[in-house]
Amino acid sequence: MFSFDGTFMWKGNTNMKRSLIMLAIATAVLLPTASFAQSSDAGMSSMEAQIRDRRYESVALTYVYGNSGQSGDSTQRDMHYYSFILSGEAEVLDGWLVWASIPVNQQNGLLGSVTGVGDLMVVVDKKLVKLFGAQFSLGVGGRFATGSVNQSHLPQAYQSGIGTNDYLIQLDAISKALNFGIAYQISGGRNANELTQLKQGDLFVLSGGYTYRGDGFDVGLNLLAIKQLEQTSVLDPLSQTKSFVDVAGTDKVQLDVLLKSRVAITGWLSATATAGFPVNLRDVNVDGLTRAFTTSLGAAIEL
């Protein structure tokens, strides 16, 4: 039976339930991920969407893999990106939630390999009001430059951190099955990478999703529309003086599709998986944020 609030109540046999749980994992991990043009961590909102589920307080460890495909110049193509991300969420006061994550990243490409701690993210949410079965919350947060941007003297695409302190404000509505959000990310300015000196524009993000809830497993679909309000600029490699040039195509609207699944293993332990797909493609990788595909596997201890 499918209830009005989107919760699935099913009285099938145990073998059938196990089969559907395995199908949920396979759907998120094994579907072809032909081209995921916008990276999962291009903005704080998109990273949050990939590894956070606000319906569960938890501590999680997530493995993420991505490949840049043929985007960018010859030094930025076919790059391999690996991350182990430790994250956690808890209600610290009545109506106040804190979520944080810290990754260890590795980037491999034509020019070399870099491994290091990435950027710390922290988001604080305040529950506002509950209307029509949905909890409305206001969140503020930041991505802080704890990762290096000058390891091995390589360009920004190879670095573990973004190199700036960026800030986020968001408004969300979350029910048992549906979620909607609007967010604005403020760029922290130009970073200190000695070759690229990257400066990103502010981001405006709209998101929405639906989660199908079965007996011991969830399968969800999320959409994110991301608009960078001005083009990314970098140090002009052809200039004899220190001048900067805008990177064409970095400010176009991008639509990301994210499949998510969660399987309850015990009453306190769960497994998660995600896979991303693009609606439009990004042809540049100067910031190291473009992926031809991305997928993740994780485990969470639920509090």
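Under the criterion of Cα pairs below 8 Å and six or more residues apart, the relative contact order for the chain equals 23 percent. Along its first, second and third principal axes, ordered by size, the stretch 82-153 spans 53, 21, 16 Å in Cα coordinates. Dividing the convex hull volume of the alpha-carbon atoms in the stretch 154-195 by its residue count gives 99 Å³ per residue.
Cα centroid separation, the stretch 73-115 to the stretch 161-201: 14 Å.
Could you compute the FRET efficiency for residue 96 and residue 280, with r as their C-beta to C-beta distance and R0 at 41 Å, rounded to 0.05? E between residue 96 and residue 280, to the nearest 0.05, is 0.65.
In the chain, the calculated helix contribution to ellipticity at 222 nm averages -2500 deg cm²/dmol per residue, counting -39,500 (n - 2.57) for every DSSP H run with n ≥ 4. The Rg/Rh ratio of the stretch 57-98, with both radii computed over alpha carbons and Rh defined as the Kirkwood radius, is 1.32.
The convex hull defined by the C-alpha atoms of the chain has an orientation-averaged projected area of 15.4 nm². Compared with the alpha-carbon gap, the fully stretched path from residue 202 to residue 253 is longer by 17.1 nm at 0.36 nm per residue.
Taking a threshold of 28 Å on the Cα-Cα distance, which of the pairs 126/227; 127/252; 227/260; 127/260; 126/260 fall above it? Listed pairs above 28 Å: 127/252. Relative to its Kirkwood radius, the Cα radius of gyration of the stretch 154-263 gives an Rg/Rh of 1.11. Under 5 Å from the amide H of residue 147 lie the amide H atoms of 119, 120, 162, 163, each residue being 5 or more positions distant or on a separate chain, with H modelled from the backbone and absent for Pro and chain starts.
Expressed as a fraction of 2.2 N^0.38 Å, the C-alpha radius of gyration for the stretch 51-124 is 1.41. Fewest-first ordering of 54, 262 by other beta carbons within 10 Å of each residue's beta carbon gives 54, 262.
Direction-averaged projected area, Cα convex hull, the stretch 193-236: 5.1 nm², rounded to one decimal. Each principal axis of the Cα cloud of the stretch 61-211 was taken in turn, and the coordinate range along them, longest first, works out to 53, 28, 26 Å. Rounded to the nearest 10 degrees, the inclination of helix 14-30 to the longest alpha-carbon principal axis of the chain is 10 degrees.
Every number in this text was worked out from the coordinates using simple rules, so none of it is lab data. Since we're looking at a predicted model, the values are computed, not measured. Cβ: placed from backbone, ideal geometry, glycine included. Neighbour counts: every protein chain shown.
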